[in-house]
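Heads up: the structure comes next, in structure tokens.
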Amino acid sequence: MPGTSGSHPDIHWPSGFSPEQAHGFCQAQDVVHAPPATVFALLSDVARWPDWVPGVTEVRAGPLARNFEVWLHRHRFEIFVGEHVPPHRLGWSGIGAGVQLYRAWLLTSVEAGTHVVTENVVRGPAATSLQVSSPLSARHVNSLWLAQLKRLSENAP
């Protein structure tokens, strides 16, 4: 897929989910002025996602389980955690109607707090039609998710 050269070299892609094999790819990164453990705790508390993750309206899970269900923009996704290395790495695959995805989070300690990189790949007919009809939509949602994570992490007690 064109435009994937921006993938972070330390992201671990599962077989079949590299940016080169995807119909859509996006990345967002920022420095969060909070320790990696704070950022990781927010990401892994999936039961609270509807409170702050853009488009998520419901989650069926407790603290990060190996699989859970998410309703994103009225579509159900089954999520399977593929990478869980507190407080530095988190990655999951998702399967929904006409789309498969993989989202990776890389949290690196830096002097100012945590450098956060999130990357997302999508495959399938729904992903293809979204890329054609709204190529900036996934990037926008990715950026909003990171902005919310930054705001909550920096204001955490």
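The values are calculated or read from the model by the stated rules, or taken from the named source; none is laboratory data. Please read all numbers here as calculations on a predicted model, not as lab measurements. All Cβ positions, even for glycine, are placed from backbone atoms using ideal geometry, and neighbour counts span all protein chains on display. With ligands, DNA and RNA removed, areas are computed over all heavy atoms of the protein, side chains included. Shrake-Rupley method; radii C 1.70, N 1.55, O 1.52, S 1.80 Å.
Annotation for segment 33-47: at least one member residue is over 22 Å from Gly124 (Cβ atoms), in a loop (DSSP other than H, G, I, E, B), in contact (Cβ under 8 Å) with a residue 12 or more places away in the chain and in contact with an Asp or Glu (Cβ under 8 Å, 6 or more places away or on another chain). Hey, Gly91 hits all of (1) assigned to a strand (DSSP E or B); (2) farther than 20 Å from Ala34 by Cα; (3) modelled with pLDDT under 95 but one; which does it fall short on? Checking Gly91 against (1) assigned to a strand (DSSP E or B); (2) farther than 20 Å from Ala34 by Cα; (3) modelled with pLDDT under 95, the one that fails is (3).
So, Thr114, is that one part of a helix (DSSP H, G or I) and of a type in the set (S, T, N, Q) or not? Spelling it out, it is not the case that Thr114 is part of a helix (DSSP H, G or I) and of a type in the set (S, T, N, Q). So, of the residues in segment 88-102 that are aliphatic (A, V, I, L, M) and in contact with an Asp or Glu (Cβ under 9 Å, 6 or more places away or on another chain), which turns out to be least open to solvent (accessible area, probe 1.4 Å)? The selected residue is Leu90.
When segment 19-43 is filtered for residues that are surrounded by fewer than 21 Cβ atoms within 10 Å (Cβ to Cβ) and at pLDDT below 90, the ones remaining, listed by number, are Gln21, His23.
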